[in-house]
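Report on the following structure.
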């Protein structure tokens with residue numbers, strides 16, 4: 001499936017048409033430390049951050065919000081659940097434990113960033129039980145990496161994106177192994193595959209609550225709506 005075909009995962013409510021000119025977000029969408037900030041080109045953060053929100057939607061997000069770093073909650077016990085009970089993807093890719101730096105380093109990164117962009121992609125829950133599951137997670141990684149790339153170009157040189165799911169199962173499911181781990185070679189998808197938030201203990205449910213988005217929590221039922229989420233830390 002080509003990138004253009006992935007612009008709208010089947011069953012999602014992500015927009016497919018061109019997005020209108022960005023409008024200013026509510027004041028609390030812009031963290032206080034950036035309210036009067038500018039980048040090296042002199043562009044005010046009050047302009048740059050709304051444009052990044054529109055970028056998220058243009059690339060396929062259903063919705064996106066700007067949060068202050070302290071609003072991103074990290075819980076080390078969530079990262080520990082990757083090991084116990086052991087996740088089936090544990091250790092299989094560079095984007096999952098034990099090959100990621102974990103919660104402590106992530107919290108240190110939060111202290112050095114100016115803001116965070118949190119986004120979601122709404123989708124039919126039965127997609128998570130279907131053959132389209134991989135394509136929807138691939139879209140998630142494409143949106144996250146796309147926002148990261150745009151943020152870097154706009155002055156957030158330390159921007160870093162995080163998604164969900166194992167990149168091995170999403171991008172290299174038909175390969176014998178992760179090239180980075182087993183061959184010490186470059187990643188096959190360095191411009192798209194991003195680490196999973198779970199390995200860093202990011203409390204996604206708390207982020208959903210802070211963003212004002214409804215979350216039914218985990219459920220074995222394939223009926224109704226669900227979502228996949230991503231996070232981009234914005235550091236200049």
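Every read-out reported here was derived from the displayed coordinates using simple, explicitly stated rules and does not represent laboratory data. No experiment lies behind these values; they were computed from the predicted model shown. As a convention, Cβ positions derive from the backbone with ideal geometry for all residues, glycine included, and neighbour counts pool all protein chains shown.
Rounded to the nearest 0.05, what FRET efficiency is calculated for residue 105 and residue 223 with R0 set to 30 Å and r the Cβ-Cβ distance?
Computed FRET efficiency for residue 105 and residue 223: 0.15.
Measure off 7 Å from each Cα along the Cα-to-Cβ vector at residue 80 and residue 152, then give the distance between these two points in nanometres to one decimal.
About 3.5 nm separates the two model spin labels.
Scattering from the C-alpha atoms of the stretch 30-234 alone, worked out with Debye: what is log10 I(q)/I(0) at q = 0.09 1/Å?
Debye intensities relative to I(0), on a log10 scale: -0.34.
For the stretch 69-134, compute Rh as the Kirkwood radius over C-alpha pairs and then the Stokes-Einstein diffusion coefficient at 10 °C and 1.306 mPa s; write the answer in µm²/s, rounded to an integer.
In µm²/s, the coefficient is 110.
If I model a spin label at residue 126 and residue 203 as a point 7 Å from the Cα along the Cα→Cβ vector, what separation in nanometres do I get?
3.5 nm
What FRET efficiency comes out for the pair residue 73/residue 51, r = Cβ-Cβ distance, R0 = 30 Å, nearest 0.05?
In this case the efficiency is close to 0.70.
Full extension from residue 213 to residue 191: what is 0.36 nm times the residue separation minus their Cα-Cα distance, to one decimal in nm?
Here the answer is 5.0 nm.
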